[in-house]
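Written below as structure tokens is the structure these notes are about.
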Amino acid sequence: MNVSIIYGIAAAIALLLAVGYCTMVKQKENWLLWLYFSVFVANLGYFTLSVSTTLEEALLANRLAYLGCVFLPLFMLVTILKVCKLECRKLWRTILITVSTVTFFIAASQGYLPWYYKEVAFTRMDGAVKLAKVYGPLHVWYFVYLFAYFALMIGVICYATGRKKIATYKQAGLLVVVVFLNIAIWLVEQ
């Protein structure tokens, strides 16, 4: 099956879930809503990348995918904090949002500055577009960023479990499974 079709279906499902959450849930959790739309934006970016016809289109689509991907761990962490009944102080939220925004701008520098990708070329493989990249010096930052967020998520779950903020060990286990599934999905994407 063409990868473009898979990304298109994933984007459509993500949009339907986001719209469904908006229309069917009366008491919405804003961070969860942002999480839904972040998944949609990431999948839309992957889809538009797969159907790009020029390097400029592909880089723009890749930036769109990074917009969703960079903010997804932030929204997931804050959602986990809410589920665990833990408060995220405004200062920490500001720090997390700032770090996420800086990370996005580093990733979005592709094609403009040699920070994230030193070089990037447009190729087609198996009916989809692929960017052939030579990584720049700040590319490793994205891995550090993701690892830190995943570690924070696991740390929050462990802390909340120890403080009896989570109702049952099953709930804690489910949260850990969700985090590890996200790690697995990210590894498969790599």
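So here's what we get for this one:
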quantity: Verdict on Thr103 being at pLDDT 95 or above and either open to solvent by 40 Å² or more (accessible area, probe 1.4 Å) or not in a helix (DSSP H, G or I) (or both); calculated: no
quantity: Single condition Leu49 does not satisfy, out of (1) modelled with pLDDT under 95; (2) among the hydrophobic types (A, V, I, L, M, F, W, C); (3) open to solvent by 30 Å² or more (accessible area, probe 1.4 Å); (4) closer than 18 Å to Ala11 by Cβ; calculated: (3)
quantity: Single residue of Tyr135, Tyr117 found to be surrounded by fewer than 18 Cβ atoms within 10 Å (Cβ to Cβ), farther than 20 Å from Val78 by Cβ and of a type in the set (Ser, Thr, Tyr); calculated: Tyr135
quantity: Pairs with Cβ under 7 Å, 6+ apart, first in the range 1-27 and touching a residue at least 60 places away in the same chain (Cβ under 8 Å), second open to solvent by 50 Å² or more (accessible area, probe 1.4 Å) and outside any helix (DSSP H, G or I); calculated: Val3/Asp126; Ser4/Val51
quantity: Which listed residue is of a type in the set (Gly, Ala, Ser) and in contact with an Asp or Glu (Cβ under 8 Å, 6 or more places away or on another chain), from Gly20, Gly68, Gly45, Gly111; calculated: Gly111
quantity: Only listed residue being over 18 Å from Ala148 (Cα atoms) and modelled with pLDDT of 95 or more, chosen from Leu96, Leu60, Leu55; calculated: Leu60
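The values are calculated or read from the model by the stated rules, or taken from the named source; none is laboratory data. If you're wondering where the values come from, they're calculated on a predicted model, not measured in any experiment. All Cβ positions, glycine included, derive from the backbone under ideal geometry; neighbour counts span all protein chains shown. Calculation scope for accessible area: heavy atoms of the full protein, side chains included, ligands and nucleic acids excluded. Shrake-Rupley method; radii C 1.70, N 1.55, O 1.52, S 1.80 Å.
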